[in-house]
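Here the structure comes first, spelled out in structure tokens, and everything after it is commentary.
The values are calculated or read from the model by the stated rules, or taken from the named source; none is laboratory data. No experiment lies behind these values; they were computed from the predicted model shown. Positions of Cβ are generated from backbone atoms using ideal geometry, with glycine treated the same way; all protein chains shown enter the neighbour counts.
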Amino acid sequence: MSNSRKKPLTGKIALVAGATRGAGRGIAVELGAAGATAYCTGRSTRGKRSEYDRPETIEETAALVTEAGGTGIAVAVDHLVSEDVAALVERIRSEQGGLDILVNDIWGGERLFEWDKAVWEHDLENGLRLLRLAIDTHLITAHHALKLMIERPGGLLVEVTDGTADYNSDHYRLSPFYDLAKTSATRMAWAHAKDLEKHGCMSVSITPGWLRSEMMLEAYEVSEENWRDAITIQPHFCISETPHFIGRAIAALAADPDRARWNGQSLSSGGLAQVYEFDDVDGSRPDCWRYLTEVQEAGKPADATGYR
């Protein structure tokens, strides 16, 4: 097997905006494993942490990308600052000459939303900050980066969100602010698709399932090695997946020469696994969103048989 067959994204340039941890890190690493050069951006560096005050850094992510077989480049960027994003894109232009993949995974709102509170009960400043982090950052980044991406055909924009369009259409997502943030990413992907297709490029939204992010593992007081211990606390955690799963979904999509058929669509890691036949790190293929509706919300006992 040739190296290009093993690494179908060799020579491709990706920007993973929001790559410090969670899905962003998993996506960057799996793009690297497929051979891509990935610019890994975020606000948490070895020298300075974001307001999350967590230990994960963009330098760690970039190192993992390189270790996986790609080229990881860490760049500290606040995606709410237009000038900083513009400078990032000009750096990519200067160093690489183009951009093939933009992943908008910027988030940062876990500690800002309040569960099951109406808009008049929710802290207003936190809610508005959440929307800026979830929507403004994506639009600012798209404004600058897509100008470079459309210079050559075949470019892919991925808007990362929580929940498929079908699921979110009739499920209230925690609070009005969170609900708007996550449905907006899907709509943005659909809207961008209309503009990008004129340039031979495309856009999709994609959601992971129940993500075993660093923060989620910490919340259940487990690690990736013993994550199943958390099932005793929350039995439906049996359907959870690693950040690598959504990363493999995006890498498979980016490597598909017929990927334009997905333009404008709302996708999921579990759904794409059935099409592209990739597995999570444990060899399974968790289909979380089908599980949620058919098992958890149907009131059935937790059992991932047939769903991973």
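Per-structure values
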quantity	calculated
Check on Tyr52, within 21 Å of Glu218 (Cβ to Cβ) and touching a residue at least 40 places away in the same chain (Cβ under 8 Å)	yes
Residue among Glu151, Glu159 that is in contact with a Ser or Thr (Cβ under 7 Å, 6 or more places away or on another chain) and at pLDDT 95 or above	Glu159
Of residues in the range 101-115 being under 19 Å from Gly42 (Cα atoms) and more than 13 Å from the chain's Cα centre (by Cα), the one surrounded by the fewest Cβ atoms within 10 Å (Cβ to Cβ)	Arg111
Number of the exception - Leu196 against (1) touching a residue at least 12 places away in the same chain (Cβ under 8 Å); (2) within 16 Å of the chain's Cα centre (by Cα); (3) more than 29 Å from Ala304 (Cβ to Cβ)	(2)
Residue match in the range 238-254 (condition: farther than 27 Å from Lys6 by Cα and in contact (Cβ under 8 Å) with a residue 60 or more places away in the chain)	yes
Sole exception among (1) out of contact with any Lys or Arg (no Cβ under 6 Å at 6 or more places or on another chain); (2) under 24 Å from Asn168 (Cα atoms); (3) in a loop (DSSP other than H, G, I, E, B) for Pro286, by number	(1)
Flag for Arg212 being of a type outside the set (Gly, Ala, Ser), modelled with pLDDT under 95 and touching a Ser or Thr at 6+ places or on another chain (Cβ under 9 Å)	no
Within the range 247-264, considering residues that are more than 15 Å from the chain's Cα centre (by Cα) and either of a type outside the set (Asp, Glu) or at pLDDT below 95 (or both), the one farthest from Cys288 (Cα to Cα)	Pro257
Unmet requirement for Gly98, which otherwise passes all of (1) within 16 Å of the chain's Cα centre (by Cα); (2) closer than 19 Å to Cys201 by Cβ; (3) not hydrophobic (A, V, I, L, M, F, W, C)	(1)
Residue within the range 147-167 that is of a type in the set (S, T, N, Q), out of contact with any strand residue (DSSP E or B) (no Cβ under 9 Å at 6 or more places or on another chain) and under 24 Å from Asn126 (Cβ atoms) present	no
Within the range 210-249, tally of residues that are in a loop (DSSP other than H, G, I, E, B) and surrounded by fewer than 20 Cβ atoms within 10 Å (Cβ to Cβ)	10
Of all residues making up the range 22-73, the number that are basic (Lys, Arg) and within 17 Å of the chain's Cα centre (by Cα)	2
Tabulated pairs, the range 125-149, first closer than 23 Å to Lys194 by Cβ, second among the basic types (Lys, Arg) and assigned to a helix (DSSP H, G or I), C-beta under 7 angstrom, 6+ apart or interchain	Leu148/Arg93
Test: residue in the range 72-82 that is farther than 19 Å from Glu159 by Cα, in contact with a Pro (Cβ under 6 Å, 6 or more places away or on another chain), at pLDDT 95 or above and not aromatic (Phe, Trp, Tyr)	no
Strands (runs of 3 or more DSSP E) lying entirely in the range 1-105 (those with 2 or more residues that are out of contact with any Asp or Glu (no Cβ under 7 Å at 6 or more places or on another chain))	37-42, 71-76, 101-104
The range 263-282 - residue that is touching a Ser or Thr at 6+ places or on another chain (Cβ under 6 Å) and either among the basic types (Lys, Arg) or not in a loop (DSSP other than H, G, I, E, B) (or both) and, of those, surrounded by the fewest Cβ atoms within 10 Å (Cβ to Cβ)	Ser266
Helices (runs of 4 or more DSSP H) wholly inside the range 118-207 that include at least 1 residues being of a type in the set (A, V, I, L, M) and surrounded by fewer than 16 Cβ atoms within 10 Å (Cβ to Cβ)	124-131, 137-149, 176-196
